[in-house]
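Worksheet for the structure shown next.
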Amino acid sequence: MSDNKKQEKDFTSEVDTLLPETSSLAKAGKLQEALDKIAVLEKQTRNAADPKSTTTLVKTISEYCYNARDFDLLNSNITLLSKKHGQLKSVIQAMVEQAMGWLEDIRKKEGDKQWLQLVETLREVTEGKIFLETPRARVTLLLSRYHEDLYNKSTSTEEKRKSLETASELLSDLQVETYSSMERREKTEFILEQMRLLIAVARLKDDVAKAEGKDSLAGGDAEWVKARVGGRKVNEGFLKEPENEDLKLKFYDLMIQHALHQSSYLDVAKYYHKVWETPSIKDDVNDKGKTALEHIVYYIVLSPHDNEQSDMLNRIYLNPALEKLQLHYNLVKCFVTRELMRWPGIIELYGEFLRATPVFSIEKRWEDMHTRVIEHNIRVVAAYYTRITLPRLTALLDLDRKQTEETIARLVVGKTIWARIDRPTEIVTFRSQRSAEDVMNDWSSDMQKLLGLVEKTWMGMNAAQAAQSRIKAS
C-alpha cells in the first residue's frame, strides 16, 4: 500500500477500450466474467503505479456489483481490492468514498441487514489506516445512530441499555481530536455527540442503580467523568466564532447537564452566562435571553460564597439588563447588601414565585437556597459583631442551636469566616485573639501614617508662609 512508487506506464487507452466490453458483459448477466477481465488489467495498472487507471477499474468493479444488487460480492471485492499487494492509498480512499455514497440508498431499498454488512465491511477496510480515519469516523457515526435508533424503539430495559452503551462505545473509541484530515467544525460535532451519548448512558445507569438501591459506583460515574474529559477537548475560543453559534449552545447545554449532576452551581451559572453572552440569545430579551439571565441569578445565589462567586454576583447586580427583571434584581440585591435576610421574609417575598420554577421545584435546591441565606446572615453578623451570645445568634438566624453551630463550623472549615464557640458561656467570637507582636506592628504602622500626615502638613504650612513672605516683600 503505497503512493510513493513512480508511475511506469499510462493505461488510459487500455482502460477506455476494456470498459465498454465489460459493461456489455455485465448487462448481459455475465458479471463474474466482466469482473475477471477487469481484474487482469487492474493488476497491471496497480503494478505500474497508474493511480488514475487503477481507481477507474476498482470503482467500476464496485459499481458493477452494486448495479447487479449483489452485495455479498460487493463486500468481498471491497475487502479483496483493499488488501491487494501494492495497492495505492488514493485508490482505496476513492473506493471507500464511493461505497459510502451508496449507504443511504441501500438502507432505503434493501433494508438494515445489507446496510449493516456494508458498514462493517467499510469499518474493517478503514481500521488502522490513518489516511482513512475521517471516512471511518463518519461510517462509525452512522452505525452509532443505528444503535441509538434501536434504543429508542426497544421496549426491554436490558436491550435499551445495551443498544445505548454500544452507540456510545462506538463513538468514544474514536479519538477525533487527533485527526489531521478532519475539519475543525466536524471534529467538534463528533466530540459533542460523544458527550451527549455518554451523558445519556450515565443517566440510564444512574436510574438503574437508584432503582436497584446500589451505590454511585454501580451507576454512571465513569461516563460522567468521560463527558467532562470530552468537554476539555472542545476549544471554547473556536465556539465564539459567529458561524459556530449552534455548536456553542449545544456544548454549554451539555456542560450545564454535567455541572447540575455534580451540583456545581457556580459552574452552571458560568455556563448560562456564556449562553447569555451569545448575540442571538442576548438580543432575544423576552424569551431565551430572559430565561438565560434568570438562570444565572438562580444558580449564582445557590453557589457557596467565595471570591469568584462574590465577584460574579456583583457584576450581575451592576448589569443594566438585570434591572428589567425586578424580582430577580431584588433577590440579588438581598445577597449583595450587608443586611440580615430573615428566612420567613424571603419565603413570603419570593417563595411562591421561586418554587414554581423548574430550578427550585427540586427540594434539595430549595434547601440549598435556605443554607445560602443562613451563610449570608452569619457573614453579616461576623462583619458587625466581635462577640455575640449564642441564643441571640440563633434568633437572628431563625435556627435552633444545633443548626447554628453546624453552619458556623462549616463556614470556619471553608475559611469563609473566623469564629470560635464558647459553649459554657454561650458566646460566639468572630475576631481572633491578637498577639502582642501583631498589636505592636499595627501601632507602628499607624504611627508611621500619623508622622507622614504631620510631615505633609508641616511642608504645606511652610510653603504657605513662604508665599506670604514673597507677597509682603513685593
Of the residues Leu302, Leu239, only one is surrounded by 17 or more Cβ atoms within 10 Å (Cβ to Cβ) and over 26 Å from Thr407 (Cβ atoms); which? Leu239
Given the options Lys270, Lys290, Lys233, Lys250, name the one that is open to solvent by 70 Å² or more (accessible area, probe 1.4 Å) and within 24 Å of Phe360 (Cβ to Cβ). Lys290
How many residues, within the stretch 341-378, are open to solvent by 20 Å² or more (accessible area, probe 1.4 Å), under 32 Å from the mean Cα position of the chain (by Cα) and among the aromatic types (Phe, Trp, Tyr)? 2
Given the structure, is Lys109 within 36 Å of the chain's Cα centre (by Cα), surrounded by fewer than 16 Cβ atoms within 10 Å (Cβ to Cβ), free of Cβ contacts under 8 Å to residues at least 12 places away in the same chain and part of a helix (DSSP H, G or I)? no
Look through the stretch 339-387, keep the residues that are among the acidic types (Asp, Glu) and in a helix (DSSP H, G or I), and return whichever of them is farthest from Ser432 (Cα to Cα). Glu352
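Yes or no, residue by residue, for (1) surrounded by fewer than 16 Cβ atoms within 10 Å (Cβ to Cβ); (2) in a helix (DSSP H, G or I); (3) in contact with an Asp or Glu (Cβ under 8 Å, 6 or more places away or on another chain):
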position	(1), (2), (3)
Ser13	yes, yes, no
Asp16	yes, yes, no
Glu33	yes, yes, no
Glu42	no, yes, no
Thr54	no, yes, yes
Ser62	no, yes, no
Cys65	no, yes, no
Asp72	yes, yes, no
Given the conditions (1) more than 16 Å from the chain's Cα centre (by Cα); (2) modelled with pLDDT of 90 or more; (3) of a type in the set (Phe, Trp, Tyr), report the number of the one that Tyr179 does not fulfil. (2)
Pair list, Cβ < 6 Å and 6+ apart or interchain, from the stretch 277-298 residues that are farther than 16 Å from Gln326 by Cα to residues that are among the aliphatic types (A, V, I, L, M): Ile281/Val275; Ile281/Ala292; Lys288/Ile281
Report whether or not Lys153 is open to solvent by 60 Å² or more (accessible area, probe 1.4 Å), of a type in the set (Lys, Arg), over 24 Å from the mean Cα position of the chain (by Cα) and more than 20 Å from Trp115 (Cα to Cα). no
Looking at the stretch 83-100, I want the residues that are under 12 Å from Thr126 (Cα atoms) and open to solvent by 70 Å² or more (accessible area, probe 1.4 Å) and have a partner that is of a type in the set (A, V, I, L, M) and part of a helix (DSSP H, G or I) with Cβ atoms under 9 Å, at least 6 apart or on another chain. Which pairs are those? Lys83/Val125; Lys89/Leu132
Quick one: how many residues across the stretch 120-145 are open to solvent by less than 30 Å² (accessible area, probe 1.4 Å) and either of a type in the set (Phe, Trp, Tyr) or farther than 18 Å from Glu189 by Cβ (or both)? 5
Boolean, Lys282 is modelled with pLDDT under 90 and either part of a helix (DSSP H, G or I) or open to solvent by less than 70 Å² (accessible area, probe 1.4 Å) (or both): yes
Spot the failing condition for Phe360; the list is (1) at pLDDT below 90; (2) closer than 24 Å to Ala269 by Cα; (3) among the hydrophobic types (A, V, I, L, M, F, W, C); (4) out of contact with any Lys or Arg (no Cβ under 8 Å at 6 or more places or on another chain), and only one is missed. (1)
Does the stretch 285-303 contain at least one residue that is under 24 Å from the mean Cα position of the chain (by Cα) and not in a helix (DSSP H, G or I)? yes
Given (1) in a helix (DSSP H, G or I); (2) closer than 23 Å to Arg401 by Cα, number of the condition Arg315 does not satisfy: (2)
Name the helices (runs of 4 or more DSSP H) wholly within the stretch 116-231 that hold at least 2 residues that are in contact with a His (Cβ under 9 Å, 6 or more places away or on another chain)? 157-172, 184-212
Going through the stretch 416-441 in order, the residues found to be farther than 20 Å from Arg387 by Cβ and either assigned to a loop (DSSP other than H, G, I, E, B) or among the acidic types (Asp, Glu) (or both) are Glu437
Here is a list of conditions, (1) over 20 Å from Arg69 (Cα atoms); (2) crowded, with 18+ Cβ neighbours inside 10 Å; (3) at pLDDT 90 or above, and Asp173 meets all of them except one; can you say which number that is? (2)
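The values are calculated or read from the model by the stated rules, or taken from the named source; none is laboratory data. On a predicted model such as this, the values are computed, not experimentally measured, just so you know. Neighbour counts run over all protein chains shown; Cβ positions are idealised from the backbone, glycine included. Just the protein is used for accessible areas: all its heavy atoms, side chains included, with ligands, DNA and RNA removed. Shrake-Rupley method; radii C 1.70, N 1.55, O 1.52, S 1.80 Å.
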